[in-house]
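Single-structure report; data block below.
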Amino acid sequence: MSETLTLPVLPLDDDVVLPGMVVPIELSDTEVRGAIEAARNSRGPGPGPGIRSEEKARVLIVPRIGSRGLAGTGTLAVIEQLGRMPGGEAGAVLRGVSRVRVGSGTTGPGAALWVEATVLEETGDYARAEELAKEYKSLVISVLQTRGAWQVVDMVQQIDDPSLMADRAGYASYLTAEQKLTLLENVSLVERLELAIKWTREHLAELEVAESIRKDVTEGMEKQQKEFLLRQQLAAVREELRRLNGDDGKGTEDDYRARVEAADLPEKVRDAALAEVDKLERTPDASPETGWIRTWLDTILDIPWNERTEDAYDIAGARQILDEDHTGLDDVKDRIIEYLAVRKRRNDRGLGVIGGRRSGAVLALVGPPGVGKTSLGESVARAMSRKFVRVALGGVRDEAEIRGHRRTYVGALPGRIVRAIREAGTMNPVVLLDEVDKIGADYRGDPAAALLEVLDPAQNHTFRDHYLDVDLDLSDVVFLATANVLDSIPSPLLDRMELVTLDGYTEDEKVAIARDHLLPRQLDKAGLAAEEITIEEGALRLIAAEYTREAGVRSLERSISRVLRKVAAKEALDPETLPVTVSVANLKDYLGRPRFTPETSLTADSRRTAVSGVATGLAVTGAGGDVLYIEASLADPETGGKGVTLTGQLGDVMKESAQIALSYLRSHGAELEFPVGDLKDRGVHIHVPAGAVPKDGPSAGITMTTALASLLSGRPVRSDVAMTGEVSLTGRVLPIGGVKQKLLAAHRAGITTVLIPQRNEPDLDDVPAEVLAKLDVHPMSDVRDVLALALEPASTSAATVAA
């Protein structure tokens, strides 16, 4: 029959005492000290609640593992000795006697917790237990021999009691507190021995593996490799400590192998990363290659190999976002909507990757500054619900900026494309390649050549950065390249992009942009509210027409900002100024006189074409279309020289156009009734103003012909007429480029009649309808027709000269 005792509880944190164990206990803890004092005081005069006075004081040691509270099974222990620990603290030596089951609480002397405890009887087949005890003893001796604990080996060999042998497992440092508690709670001797044998065998296997590793590592080691050996042993110790603490996790921040295995990487990338991890594990910490490998692995793990954002397939909503952010620019908006519509249809039909390639897009947005190319990229990303990354390429001259540096170089880094993908956090962002026409080239390579693979839809699914040296799929990226001029973009690169030309805004579009976008933004920057200042639409139109002359809206925004700054300054001096209304009448008070006055608004005598020999042409520059004046004069036969003089920084093609125009007039002078006979004795001077600006191209051919014809005939060119077109020796008007930009420039300059080559008539479809409605465009095929329409009638010319 089991004995029931009333005992004070001594809680033991994160440790277990088995019967037969002798352990020292510090009395610094209040609960422990209270239990010991309660046990001693219970042996006073007369019968105590659970301990007779002639016996040693007894206490119930109950394990308390983690946060689970007191265990249901404890160890009955006797206090063998009280005294001082080696460090001087008060302590006691306890010896475990038997297992007990903790019962209900009861009362007792002192501040300790008293409980009723039932002594547990041991069960099991004694014969079987003896066999298991012998096996366990041999295993324990093997463990002790590996540690060199020979004195302990002698003590273990003297133990014959199977129960005592089984409970000696409480001294094993390789067992966790949970395992020891399992042994304490189990009353079956056979089961306890089987568990102890199992756990000891596992520990011996680990020791054998560790010993095998140690031998393999130490064999053939030279003196300079001792540091590596110590590092390996330290890693093995840390792993062993993790096992002893019950930590099954192997991954830490520095455990690259675990991070690579846990990461969602493509198969080939994973193989390459694991190969680098193997190299890292074999490389000493002192080697500089360690840092290079770690940096490469960090870069590989930072790339979102399989992360993609879901495209927004709300086509109407995407168009609304594009229209809200930008006025005009219908071509690029239509292209983005087409792209989304195709993506939606492919998604609906379950069409995924074809041949390893996804359905990305590569667009080149070419246009003058200030038309919204860069900001359009952010709107496209927002409309598609994608991440946006901008890569500035202006002034880049090193090919490694695109493809990355090879890892053999100190300080090597991946290229800008890889960094953009890493920054976006997805494999399908919208990447804006800004100012792609301003890429340079030198001895370090040509970045434009490196972009050929990036922007080729047939190749970029296997783009290989020099630094990563693994394939990176760029086929799902939407690339938007921006440029001001096409001439500086290499033809092979341009061939890989879909060209979308942004030729500039009409006056009505500028007014709408200023009203809906620029003015609210500048009001916010100036700290003004919309009700404090009103800029009338007429004032905005005047600013766009006569204070700025540009294809974009940057100067327009600066002018609006200037007006608001002046209003803010006036309000600071006179608080009664607000609210303010800026109209056409008082705009001069804020911006001064207009800078650009249309030629048609001047008096007849003050116009540049009022004299013969001056014609108005149209040209395309990096800032959009512009009006170009060409002047011609004849030298005095007595004081001037002969031949042709060309000034105004003209290129070779433009110089040839002047020679062609002169040759045509010489050969057809009689037919046109021009006095060309004097040309052999008088020099001809052709000048194009704005001499500091280089000019070239064939499109000024008919303008030069008209200026020379005006000079020879004495008939001025009509001030409301501008023209563009190449001229041939036979007088044919040949096609040119940039018709839309030139007509927009003519409209901005107040020109009402424009002459273009007849073969450029299809280009009129690209010109905004509101611009065409205000222009009288004449497609021409022969120079004779140009001269008949551009020159003032002979009677009018004579009257002007007489006046």
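The values are calculated or read from the model by the stated rules, or taken from the named source; none is laboratory data. As the structure is a prediction and not an experimental result, all values here were calculated from the model. Backbone-built Cβ (ideal geometry, glycine too); neighbour counts: all protein chains shown. The protein model used for the area step is the full one, side chains on, heavy atoms only, and it has no ligands, DNA or RNA in it. Shrake-Rupley method; radii C 1.70, N 1.55, O 1.52, S 1.80 Å.
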Please give the calculated 222 nm ellipticity per residue for the chain, where each DSSP H segment of at least 4 residues contributes -39500 (n - 2.57) and the sum is spread over every residue; nearest 500 deg cm²/dmol?
-12500 deg cm²/dmol
How long are the three semi-axes of the equivalent ellipsoid of the range 393-538, in whole Å, if each is the root of 5 times an eigenvalue of the C-alpha gyration tensor, listed from largest down?
39, 19, 15
If you plug each phi of the range 267-273 into the Karplus form 6.51 cos²θ - 1.76 cosθ + 1.60 with θ = phi - 60°, what whole-Hz ³J(HN,Hα) values come out, in order, with x for Gly and Pro?
4, 5, 5, 4, 4, 5, 5
Cβ-defined net charge surrounding Glu532, 13 Å radius [Lys, Arg +1; Asp, Glu -1]:
-3
Taking R0 as 30 Å, what FRET efficiency do you get between Ser67 and Arg101 from their Cβ-Cβ distance, rounded to the nearest 0.05?
0.85
Alpha-carbon radius of gyration plus Dmax, which is the widest Cα pair, for the range 337-461 in Å:
16.0, 50
At 1.002 mPa s and 20 °C, Stokes D of the range 56-139 from Kirkwood alpha-carbon radius, µm² per second
137
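Once you sort the root eigenvalues of the Cα gyration tensor of the range 77-184 as a ≥ b ≥ c, which label holds: rounded (a/c under 1.5), prolate (a/b larger than b/c) or oblate (the other case)?
The shape class here is oblate.
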R0 of 60 Å, Cβ-Cβ distance Arg759-Thr290: FRET efficiency to nearest 0.05
0.30
Find the accessible area per residue for the chain; the probe is 1.4 Å, ligands and nucleic acids are left out, and the unit is Å².
49
Heavy atoms only, probe 1.4 Å: what % of the accessible area of the range 281-332 goes to carbon and sulfur, would you let me know?
46
Less than 14 Å Cβ to Cβ from Glu267, Lys/Arg counted +1 and Asp/Glu -1: what total charge do the surrounding residues give?
-3
Calculate the tail of P(r) for the range 1-151: the fraction of all Cα-Cα distances greater than 27 Å, expressed in %.
31
Extension reserve of the Gln232-Ala788 stretch, reckoned as 0.36 nm per residue once the Cα distance is removed:
190.6 nm
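Based on the Cβ-Cβ distance from Val410 to Arg335, what FRET efficiency comes out when R0 is 45 Å, to the nearest 0.05? If you can, show how the numbers build up before the last one.
Numbers: r = 44 Å, r/R0 = 0.98.
Taking R0 as 45 Å, the efficiency between Val410 and Arg335 is 0.55.
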So how do 543-554, 515-526 stack up, highest first, on mean other-Cβ count within 10 Å?
543-554, 515-526
Leaving out same-chain residues fewer than 8 places away, which aspartates and glutamates sit with a Cα under 19 Å from that of Lys137?
Asp125, Asp154, Asp160, Asp161, Asp167, Glu191, Glu194, Glu202, Glu206, Glu208
Sort all Cα-Cα distances of the range 298-355 into consecutive 5 angstrom bins from zero, then give the percent of pairs in each bin up to the one containing the longest distance.
4, 15, 20, 17, 14, 13, 11, 6, 1
Paired Rg and Dmax values of the chain, which use every Cα atom, in angstrom:
46.8, 153
Can you give me the long-range amide H partners of Val727? Hydrogens built in the peptide plane at 1.01 Å from N, cutoff under 5 Å, separation of 5 or more residues or another chain.
Gly701, Ile702, Leu734
Please give the peptides 487-493, 740-746, 555-561 ranked by average Cβ packing (other Cβ atoms within 10 Å per residue), highest first, as a rough proxy for protection.
740-746, 555-561, 487-493
Hey, what did the range 624-753 get for relative contact order, percent, Cα under 8 Å, at least 6 apart?
35
Order of 325-333, 692-700, 426-434 by packing, highest average Cβ count within 10 Å first?
426-434, 325-333, 692-700
How big is the antiparallel share of DSSP beta bridges in the chain, given as a percent to the nearest 5?
55
For the range 137-194, what does the alpha-carbon gyration tensor say about shape, rounded, prolate or oblate, given a ≥ b ≥ c as the root eigenvalues, a/c under 1.5 as rounded, and a/b over b/c as prolate?
oblate
Relative contact order in percent for the chain (Cα pairs under 8 Å, 6+ apart) equals 7
Could you compute the net charge surrounding Ile159? Neighbours are other residues with a C-beta less than 14 Å from the C-beta of Ile159; K and R count +1, D and E count -1.
-3
